[in-house]
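To start, the structure itself, in structure tokens.
The values are calculated or read from the model by the stated rules, or taken from the named source; none is laboratory data. None of the values given here were measured: they were computed from a predicted structure. Glycine also receives a Cβ, built like all others from the backbone with ideal geometry; neighbour counts cover every protein chain displayed.
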Amino acid sequence: MSSKFWAGLSNDYEKILESGFGYDVIIYVGEEPNVKEFHLHSSILCYRSQYFYAAFSNEWAEKKDGKFILRKPNISPQLFNIILRFIYCGNIELNNLQGLDILKLLIAVDELNIQPLISHIQEFLIEHKTEFLHQNPTGILEIVYQHETFTDLWNFCLEIICKDPKILFNSDNFVNLKAPLLELLLKRDDLYMDEIEIWESLLKWCFAQQNIKNDPVKWNNDDITKIGRSLHRFIPLIRFYHIEPADFFYKVYCYKDILSQDLIHDLLEFHIVPNMKPKSNVTPRKPNLKLNSNIVESKHVLLFASWIDKKDSSYYNKEKIPYDFNLLYRSNDRFDAKSFHRNCDNKGATIWIAKIQGSTQLIGGYNPLDWSGNGPKITLDSFLFNFTDGKNISNAKSGYVNDKNNAIYCYNHQGPSMGDLYCPDFNSWKYSYSGNYYPSIGIPRNFDVEDFEVFQVIKR
């Protein structure tokens, strides 16, 4: 018979931490005047952190009166205490921390080489602090770039920026971006931005680095040499053949002195000679249709975009889709109208999807306006849709509004009510089809919602 008493063991180690009984390590944490002294145990620290193992086994930590002495001025006492709770007790509580503090905690954990926490904290940030990560993805990306172990956060921030590059390229901080990081971004196939805008942004960055004005006519030979050297590593990453002829003539050719003669010759030949093929096989950048959804996939997004633009006979493909769909709200257990409005009001056009409990059926709707206010809203562009089997888009049906005066209902105590569809502040919804507001597309009269998501629809 085997018995385990983990809770009791954890509590006893917590008492050891709090009392400091038998300590042989003193760590001074924080900066003056907020330095805190911690009395700890080298045997526990060694086997829970590679950093402490190296400090004590290689004896690069100071030793005085039989005790190791360390100083960590770059970590706050509050965050260090959280780390110690994990080291001693195996417990960590992140829910009460702000996004910035969690990021600082992650940096401290990386320095102390506590591998299990590095993955856990990244996952927590991505799942529970999405709003914080969206506020400054550029700044966070630069921080993450300095830490090789932050791969999950790196990929998440890159995805945000590639989906909406202008949050970086149009920001004041863009010209301060480190060259290797800019190079990594320009290599991306899913950097969704017109190539001429990428070229102009690169020039802006280069001129700021060299402190040279954007006036080719006034450049001397020294200016041309400096700019050419600064741009050298980036030129192969610009997809010049996918720049429109007029943009090439007015926005690229005028900088011919900083580009190679062979490149200028090839581009002129491509634009002037009929049916001339590009000398490069580089394909145009393509949008990343990866959707942050537990309910639908990219194939559904193509339908949504086509329905929004009322394309009845032909649907968009991945290369030509004109919208981005950003997750605003998700409810997995109990639908909450207050949370729905807090996340979705004043966000413009949205599309929502609900999975019907106990089935694979999906229903949803498109609101081209927004969900704020207290009453009905008028539009001729809203629609409802129904997938009898959410995995099979061939059975999809959509229906545009018949009565514009009853298209959308915005009430704080309701969800996405539209026409005859009533979405109260719980999971049981009703569809009292009358034929007056939307056409019949097979939505059940009474059903329970199992999963629910709302996406902001953004025109590219």
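Within the range 312-344, the residues that satisfy the criterion of being over 21 Å from the mean Cα position of the chain (by Cα) and at pLDDT 85 or above are 335, 336, 337, 338, 341. Tell me yes or no: at least one residue of the range 408-427 is surrounded by 14 or more Cβ atoms within 10 Å (Cβ to Cβ), in contact (Cβ under 8 Å) with a residue 12 or more places away in the chain and over 28 Å from residue 339 (Cβ atoms). The answer is no; no qualifying residue exists.
Restricted to the range 183-281, the set of helices (runs of 4 or more DSSP H) holding at least 2 residues that are touching a residue at least 40 places away in the same chain (Cβ under 8 Å) comprises 195-210. In the range 352-378, the qualifying residues are those that are among the polar types (S, T, N, Q) and under 17 Å from residue 454 (Cβ atoms), and the one that is surrounded by the most Cβ atoms within 10 Å (Cβ to Cβ) is 367.
Would a scan of the range 58-73 turn up a residue that is part of a helix (DSSP H, G or I), surrounded by fewer than 17 Cβ atoms within 10 Å (Cβ to Cβ) and in the same structural domain as residue 37 (by TED's automatic domain parsing)?
No - not one qualifying residue is present in the range 58-73.
When 18, 31, 37 are screened for being surrounded by fewer than 19 Cβ atoms within 10 Å (Cβ to Cβ), of a type in the set (Asp, Glu) and either assigned to a loop (DSSP other than H, G, I, E, B) or in contact (Cβ under 8 Å) with a residue 40 or more places away in the chain (or both), only 31 passes.
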